[in-house]
Structures are given as C-alpha cells and as structure tokens.
Amino acid sequence: MKDELMNIFFLIKHFNYLKNWLLIAFIAFVGQAQAVEYSGIDTAKSKITFSSKLMGSSLNGSFTKFSGKVVFNPDDPEKAKANLLIEIASFNAGGEELQDEAKGKDWFNTKSFPSANFVSDSVKINGAGRLEVHGTLTIKGKAVPVVMTAAYQGQGKQMVFDAAFQLLRLDYGLGAGNWADTSAVANEVPVKVHLVLNQK
C-alpha cells in the first residue's frame with residue numbers, strides 16, 4: 001500500500017512539472033505567433049517633406065519618389081533597420097525655374113548624383129511609441145551622421161511612422177557661390193518623413 005501511494009505521489013509530482021512546461025511552451029508559442037514584422041513601404045501613403053527660408057520667405061517642398069526597405073518589429077523596436085533611397089530629380093518646391101536651379105551643379109547636381117541615401121545605424125527607445133534613430137544620410141557623395149526622432153503607431157495591418165530631423169545644407173555642399181549665403185537661404189532645413197509600412 002505504501003509503495004502504491006509513493007507511486008501516485010510520484011506521478012502527481014511529475015504531472016505538475018509536465019503541466020508547467022506545457023504552459024510555458026504554449027505561452028512562448030502564442031508570443032511568437034502574435035509577433036508581427038513590418039517591412040514593405042506603402043509609397044502611395046508615404047512622403048518626405050521639407051521646409052526652408054528663401055529670401056526671408058517660407059518655402060515648403062517634397063521629394064515625391066523614394067524607395068527602400070524598413071524592417072520593424074514592435075516587440076523589439078531597437079532592432080529596426082532602415083535603408084531609404086531618394087530620387088533627387090523628384091524634388092518639388094516652388095516654380096519650374098527654382099526646381100531647375102535645385103537640380104543644377106550649385107545645388108543637388110542630379111546628373112552626377114541622382115539619388116540620396118539614408119541608412120540607419122542604431123535605434124533607441126525614447127518612451128512609449130517613440131524612437132531615436134541614428135543613421136547616415138548621403139547627398140552628393142557626402143555622408144553625414146543624422147539623428148531622427150520618430151513616433152510610431154499601428155493602424156489596422158499597417159505601421160505608421162512620423163520622423164523628423166534637421167539637415168544642414170552646407171554640410172552636403174548644397175548651394176554654392178552666392179547661394180552659400182545663409183542670409184539668402186537658411187542653412188537649417190527641417191525634414192519630415194512619413195512612412196507607412198505593410199506587414200511582412
């Protein structure tokens with residue numbers, strides 16, 4: 001009788017161990033199943049805009065064509081990666097004369113440098129739904145470190161990012177000759193990036 005009771009206690013003890021392990025495995029499985037990664041850029045909903053001061057007046061513009069890849073998992077945001085390619089010829093600000101000037105040698109020189117590139121280096125959490133993105137922006141062959149602040153939120157099956165940073169145009173040789181005068185054209189150019197990502 002004593003041996004039978006011992007066997008029963010043994011079975012109950014090991015059953016509880018097994019039950020706990022199954023529960024842990026189930027929780028881990030559910031966690032992995034719920035983890036969603038976002039990568040594809042919805043270019044129809046995304047945009048890159050900027051503002052500047054030209055002869056004391058505000059100038060707003062955008063780059064209408066860009067592509068790239070972003071990898072983002074809201075459960076592990078610090079592992080996010082971004083690589084964006086901006087077509088400089090899609091510069092859109094002011095009238096036709098200004099746009100032609102911007103694409104010329106004194107500014108973007110699109111014939112020699114048709115695109116700009118941003119690559120993220122690291123990402124830090126900066127509060128709930130907020131990130132600090134460190135990366136390198138290359139324009140006209142000049143690679144300069146930049147820091148973006150970004151907010152993100154899920155909208156249905158998409159993830160929406162709104163990031164901002166300040167570009168110093170003279171760091172990239174944008175505006176030669178008389179255009180280098182910062183009283184005529186401000187050196188500081190605030191840039192906003194609105195990205196809408198699709199689930200992978």
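Every number in this text was worked out from the coordinates using simple rules, so none of it is lab data. Model, not experiment: these values are computed from the prediction. Here Cβ is always computed from backbone atoms with ideal geometry, including for glycine, and neighbour counts include all displayed protein chains.
Brief remarks follow.
- Local electrostatic count, L85, Cβ distance below 10 Å [Lys/Arg +1, Asp/Glu -1]: +1
- The residues M148, M55, when put in order of fewest to most other Cβ atoms within 10 Å, stand as M55, M148.
- For region 108-168, the equivalent ellipsoid built from the Cα gyration tensor has semi-axes of 27, 14, 9 Å, listed from largest to smallest.
- Rounded Å value of the spacing that divides the Cα centres of region 146-184 and region 44-78: 7 Å
- If R0 is taken as 35 Å, the Cβ-Cβ distance between N198 and A176 corresponds to a FRET efficiency of 0.30.
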